[in-house]
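Q: One structure, pasted below without further comment.
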Amino acid sequence: GMGCMRLSTERERDDESGIGVLHAAFDGGITLLDTADAYCLDDSDVGHNERLISHALSTWSGDRSRIVIATKGGLTRPHGEWVPDGRARHLRAACEASLGALGVERIQLYQLHAPDAGTPLSTSVRALAALKDEGLVERIGLCNVNVGQIEEARRITEISAVQVELSLWQDTNVLNGVVWYCMTHGIRLLAYRPLGGSRHHKRMLSDPVLAEVAARHVATPAQIAVS
């Protein structure tokens, strides 16, 4: 899998280069793309990442049927900030816009990007369940949630995936039980920032333990970090 956020949220982004990265990912065997309507510069640019992916797929000569696209709704980008909006009407509008941006009739995995403190989680989850019942969404996922929130959502509808931050340098979701809960209940776990993000890039490359293990296995430190 590959997270696509940085192809759209960087000020120096270049769409032609972004499409080249996506084509290289497809050619290299990537089968899951993680995107969101909020992967953009601000609220005038919503859906940029989804449109980029759609264009990359339409101009790629390989088998498009093997590529699964997971997108998200529930965050807005006023003035470039990240503001949750879990209201049912917003999620419906966001889902419909994502369908158009991606050029598909049904989203394979639609995730609540983040719980909204101003909206009951049950309201947001019921909105996603309604989208699934109508055939606009195939599967439902949650992002940035704790075990209690996952359990609350599962009392309303089936949750197929949970996405949280997880890496060698971020083990909060191991310690709080989210990882174990997903493993024991058959919920697909998606880890974002699996290499620790830009803050830990140099640390990963210079870590002596990672370097030693990588040398023993003829691998790179990054390969060891995600294995």
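The values are calculated or read from the model by the stated rules, or taken from the named source; none is laboratory data. The structure displayed is predicted, hence computed values, not measured ones. Positions of Cβ are generated from backbone atoms using ideal geometry, with glycine treated the same way; all protein chains shown enter the neighbour counts. Surface areas here come from the heavy atoms of the whole protein model, side chains and all, with no ligands, DNA or RNA. Shrake-Rupley method; radii C 1.70, N 1.55, O 1.52, S 1.80 Å.
Q: Let me check I've understood the local charge: for Gly141, count other residues with C-beta under 13 angstrom from its C-beta, Lys and Arg +1, Asp and Glu -1. What total comes out?
A: On the way: positive: Lys72, Lys132, Arg139, Arg154, Arg188; negative: Asp34, Glu138, Glu158.
Combined, the nearby Lys, Arg, Asp and Glu give +2.
Q: In debye, nearest 20: dipole of the chain around its Cα centre with unit charges on the Cβ of K, R (+) and D, E (-)? Walk me through the intermediate numbers first.
A: Details: 23 positive and 28 negative charges, 92 e Å.
Value, rounded to 20: 440 debye.
Q: Please state, as a whole number in µm²/s, the translational diffusion coefficient that the Stokes-Einstein equation yields for the stretch 1-100 at 10 °C and 1.306 mPa s, with Rh defined as the Kirkwood radius across alpha carbon pairs. Intermediate results must be reported in sequence, preceding the final value.
A: On the way: Rh = 13.9 Å.
In µm²/s, the coefficient is 115.
Q: Follow-up. At 1.4 Å probe radius, can you tell me the per residue accessible area of the chain in Å²?
A: On the way: 11620 Å² over 227 residues.
Here the residues of the chain average 51 Å² of exposed surface.
Q: From Cα coordinates alone, what are the radius of gyration and Dmax values for the stretch 136-187 in angstrom?
A: 11.2, 37
Q: Rounded to the nearest Å, what's the spacing between the alpha carbon centres of the stretch 140-198 and the stretch 87-113? Just the number, please.
A: Going from one Cα centre to the other spans 21 Å.
Q: In the calculated pair distance distribution of the stretch 186-226, what percentage of Cα-Cα distances lie above 17 Å?
A: Values: 289 of 820 pairs.
Above the 17 Å cut-off, the stretch 186-226 has 35 percent of its Cα pairs.
Q: Now, a different point. How large is the charge dipole for the stretch 117-173, taken about the Cα centre, if only the Cβ atoms of Lys, Arg (+1) and Asp, Glu (-1) carry charge, to the nearest 20 debye?
A: With Lys and Arg at +1 and Asp and Glu at -1, about 120 debye.
Q: Choose one of Thr184, Ala94, Ser160: the residue whose Cα lies farthest towards the positive end of the charge dipole of the stretch 86-227 (beta-carbon charges +1 Lys, Arg; -1 Asp, Glu; about the Cα centre).
A: Most positive-ward Cα: Ala94.
Q: Given DSSP loops and a limit of at most 10 other Cβ atoms within 10 Å, what is the longest stretch of the chain that contains no such trypsin sites (Lys or Arg not before Pro)? It would help to have the intermediate numbers written out before the result.
A: Values: sites that count: Arg11, Arg155.
Looking at the chain, 12-154 is the longest stretch - no exposed trypsin sites (Lys or Arg not before Pro) with at most 10 other Cβ atoms within 10 Å.
Q: Let me ask another. Considering the Cα positions of the chain, please state its Rg to one decimal place and its Dmax as a whole number of Å.
A: Looking at the chain, its Cα Rg and Dmax stand at 17.9, 54 Å.
Q: A further question on this structure: Which loop GluC sites (Glu not before Pro) in the stretch 110-164, with loop taken from DSSP, have no more than 12 other Cβ atoms within 10 angstrom of their Cβ?
A: Values: sites: Glu134, Glu138, Glu151, Glu152, Glu158; in loops: Glu134, Glu158.
Taking the stretch 110-164 and a limit of 12 other Cβ atoms within 10 Å, the loop GluC sites (Glu not before Pro) found are Glu134, Glu158.
Q: Rounded to the nearest 20 debye, what is the charge dipole size of the stretch 77-150 about its Cα centre when +1 sits on each Lys and Arg Cβ and -1 on each Asp and Glu Cβ? Present the calculation step by step, with values, prior to reporting the outcome.
A: Details: 8 positive and 8 negative charges, 17 e Å.
I would put it at about 80 debye.
Q: What is the chain's relative contact order, in percent, from Cα pairs under 8 angstrom and six or more apart in sequence?
A: Working: 395 pairs, mean separation 27.9, N = 227.
It comes to 12 percent, rounded to a whole number.
Q: May I pose another question? Given the protein chains as shown and a 1.4 Å probe, how many square angstrom of Met2 are accessible, to the nearest 10?
A: Taking all protein chains as shown, Met2 has close to 50 Å².
Q: Among bridges DSSP assigns within the chain, what percent are antiparallel (round to 5)?
A: Values: 3 of 25 bridges.
The antiparallel proportion sits near 10 percent.
Q: Just in the stretch 10-61: which GluC sites (Glu not before Pro) are loop by DSSP and have at most 16 other Cβ atoms within 10 Å? Write down the numbers at each step before the final one.
A: Working: sites: Glu10, Glu12, Glu16, Glu50; in loops: Glu10, Glu12.
The qualifying sites are Glu10, Glu12.
Q: Next up: Tally Lys/Arg at +1 and Asp/Glu at -1 over every other residue whose Cβ is under 13 Å from the Cβ of Val104; what's the total? If you can, show how the numbers build up before the last one.
A: Values: positive: Arg51, Arg64, Arg106; negative: Glu50, Glu96, Glu105, Glu138.
My count for the surroundings of Val104 gives -1.
Q: Return the carbon/sulfur percentage of the accessible area of the chain, one whole number, probe 1.4 Å, all protein chains in place.
A: That share works out to 52 percent.
Q: With a 1.4 Å probe and all protein chains kept in place, how do Trp82, Trp60 rank by accessible area, largest first?
A: Greatest to least solvent exposure: Trp82, Trp60.
Q: Please calculate the 1.4 Å probe accessible area of Ile140, with all protein chains present, and give it to the nearest 10 Å².
A: Rounded to the nearest 10, that gives 0 Å².
Q: So what's the stretch 150-227 giving for Cα Rg divided by 2.2 N^0.38 Å, two decimals?
A: Working: Rg = 15.3 Å, N = 78, 2.2 N^0.38 = 11.5 Å.
Taking the Cα Rg and dividing by 2.2 N^0.38 Å, one obtains 1.33.
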